[in-house]
1. Just to be sure I understand the curve: with the Debye formula and one point per C-alpha of region 221-269, what is log10 I(q)/I(0) at q = 0.29 Å⁻¹?
2. So what's region 213-310 giving for Rg/Rh, alpha carbon basis, Kirkwood Rh from the mean inverse pair distance?
3. Find, to one decimal place in angstroms, the Kirkwood hydrodynamic radius of region 266-344, where the mean of 1/r is taken over every pair of different Cα atoms and then inverted.
4. Per residue, what volume in Å³ does the convex hull of the Cα atoms of region 315-358 enclose?
5. Kindly provide the helix-only [θ] at 222 nm of the chain, computed as the sum of -39,500 (n - 2.57) over DSSP H runs of four or more divided by all residues, to the nearest 500 deg cm²/dmol?
6. In the P(r) worked out for region 23-71, what percent of Cα pairs fall beyond 14 Å?
7. In nm, to one decimal, how far is the modelled label at T135 from the one at D491, with both set 7 Å along Cα→Cβ?
8. What is the spread of the Cα atoms of region 13-132 along each of their three principal axes, largest first, in whole Å?
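The numbers here are math on the coordinates, done by the rules we state, and not lab data. Keep in mind that what you see is a predicted model, and the values were worked out from it rather than measured. Don't worry about glycine lacking a Cβ; one is built from the backbone with ideal geometry, like all the others, and counts go over all protein chains shown.
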Amino acid sequence: MPDGGGFGDLLWEPTKERVQGAEISRLIAWLSEHRGRSFASYDELWRWSIEDAGEFWDAAWEYFDLGPTTYRTAFEGSMEAQHWFPGAELNYAEQALTGPDSEPALICCDESAEVTRISRGELRRQAAALAGALTRLGVEKGDRVAAVLPNRLEATVAFLATASLGAVWSVCSPEFGDRSVVDRFEQIAPKVLIATDGYTYGGRFFDISPTIQRVRDALPSLRATIRVPADDTVTWRDTVSWQDCVAQPAEPAYAQVAFDHPLWVLYTSGTTGPPKPIVHGHGGVVLVLDVFLGMNLDVSARDRFFWHTTTGWVMWNILLGGLLRGATCVLFDGSPVHPDLSVLWRLAEREKITVFGVSAAYLQECMRNGIEPGLDHDLTSLRTLGSTGSPLLPPGYHWILNSIGSDVMIASISGGTDICSAWVGSCPLLPVYAGEIQCAALGAAVAVYDDQGRPVLDEVGELVIEKPFPSMPTGFWNDPTGERLHESYFDTYPGVWRHGDWTTETGRGTFIILGRSDATLNRGGIRSGTSEFYQIVEAFPEVTDSLVVDTSGEGRAGELLLFVVVEPGHDLTEELAGRIRRGLRSELSPRHAPDRIIRVDDVPHTLTGKKCEVPVKRILWGAAPQNVVSEGALRNPTSLQQFVSHRVGSPT
């Protein structure tokens, strides 16, 4: 386990009132009354959820009242061929759209500070109308509906309409380039495309009409395009009007589909190869999000639930899961730093958000710039602050405690696109320690393995999942033999899911995510996660960002290269480089002092804020930038080119 830097400091403990009011406390009471099961702690409940998974998920089905129990059993099959609740039928949209007409469903916001409030009745009406339009366009159960839309009302309506028909949804954020969109959508052959002609970000309007036209030309499977206009001066040929689609009334109808019937296709980021099309089923997503959002994140009908995300990040899918919990979902379309870093904190104050989620990178940027949201804004409604996308390091935890509020639960979570949920996350019954994620999620048989595949505690290793989980992919699209699925998750440890995160599980059951395991720094047998490295380097006030790459591997003894972005007005002097090396030697190990420290203008990040160590390593080995990462996967793709001049050659 890493030491120093505030790891393990006790920062927060739930009050008696918080514990009593938590949804998970109601579940524990219900299990005692209805199942004769008593649990004295979260750990006891978690262990039962993995050791008797069939009964746990069966109880969850009943607790959340997901419909008739027509299934034969909760689970049959194996890790690589999972079949949950065979014989059961349900529909995601029906589950998400329950509730009285007058109840609030969505609060839709953007950079202009305009707000649109949508009730559950109105959301049902629009989704039903669009479902009728899709049916008239020939969409049937199992057909694919693709979209290029920002995080606005239309994307939510379009998804729910698609799901209600039993059709399959897939979406790209509008900042993706046409090649990136086509790389994804051509794999699934959509019948209908729903697209906007532009979007606003950072105060600028971006016309993407040419992009959409190229996408349409590249997808021969399309029968129709529905246009969501952002610029009325632009003319498109052969399109259907969004306004016309949602204007014609229709009665809500929900196709009852099998538990594992495809709900949507999500995509890996494309930073380690072509984006893989991940298929999730209706039932797995409904059940897991009900459990994770309800029990681990404590989201319920009392909440206004927000996460800053685009439609191209899995957090959009998880955010909409708030509808399953009866919460009001707060959508924001735009930049989190326009016109300044406080825009999202103003949103939290204005809309009285109770569960507020952002990326760790955003929190770290606020901290770096001295923002104090709790002093500048009324955040008394805020109960939970969520963080994901990359590891939240101890200084970020301490900043939240000091600058936002000591009574706010810090919910750092880690999981992702692969399961549309989290493997490890929060719990309102447990304390929060700096730099540590509170617990394994309910139902997630999480462990950490060493190189020999043995579980370890208080040691760095691979994050793995030892038992089936309902929202594991039902497969990859166009992977009938399961070969790609096996290679992605099961080829390292037979019958065990390898997630690819370098992790420490502590003796008290918390987790420390140290970065992607394929970017681990292994210097002379001493391993370190990249997040530890960045915590030390970026503590220097002259350094604004950094990227570390170990160029060894595949039979090559390489160098440890540190790339840094320095503050304007500063230089990477020998004196600064010396201080950085000394800091790394003393706080990590002498072997982790970089061989070279190199100044760069920018560090490549994915759209979700993750640093791209693996693509840069491949460039340093000699690969072309365009071949190491999918266009559109990065928020700053031109930053890759600067690493070409630092190539070290291909490994032997």
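1. Normalising to I(0) and taking log10 leaves -1.07.
2. On the way: Rg = 18.7 Å, Rh = 18.1 Å.
Taking Rg over the Kirkwood Rh, I get 1.03.
3. Numbers: mean 1/r = 0.0709 Å⁻¹.
Taking the inverse mean of 1/r over all distinct Cα pairs, region 266-344 comes out at 14.1 Å.
4. Working: hull volume 3.2 nm³, N = 44.
Per-residue hull volume (Cα only) is 72 Å³.
5. Working: 21 runs with 187 residues, N = 652.
Calculated mean residue ellipticity at 222 nm is -8000 deg cm²/dmol.
6. 50 percent
7. Here the modelled spin labels are 4.5 nm apart.
8. 49, 42, 28
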